[in-house]
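Nothing in this text is a laboratory measurement; each read-out follows from the coordinates by a stated rule. Keep in mind that this is a model prediction, so the values were computed, not measured. Heads up, the Cβs are rebuilt from the backbone with ideal geometry, glycines too, and the neighbour counts pull from every protein chain shown.
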Amino acid sequence: MSGVRRRYRLTSVRNSSSLTEATKRRLLDFFVLGVPIYRMRFRIGVYTPAVQKFFRLIRAVLAFEEECRVAVEGAVEHDETTF
């Protein structure tokens, strides 16, 4: 699949999961806050593989968007606190 890029549209991403809109919003909040799936398993009442699939989808869309941006140019400084 080298050279082949998947095109994501908002409607295709939103419709790719059968979760309700309220659940998707709640999962997106948890994703942004960095809550691990194992911590959510009793709070949201959604099958864990469905949450994993939704998170993978979010990561794929974010990766697609990042590829579209211009790479950082020039020197990049970092120190030991970065790691």
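The figures follow:
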item: Fully extended contour minus Cα-Cα distance, from ASP29 to TYR47, at 0.36 nm per residue; result: 4.7 nm
item: Kirkwood-based shape ratio for the stretch 10-65, expressed as Rg/Rh from alpha carbons; result: 0.93
item: Nitroxide proxy distance, nm - points 7 Å out along Cα→Cβ at GLU21 and VAL61; result: 1.4
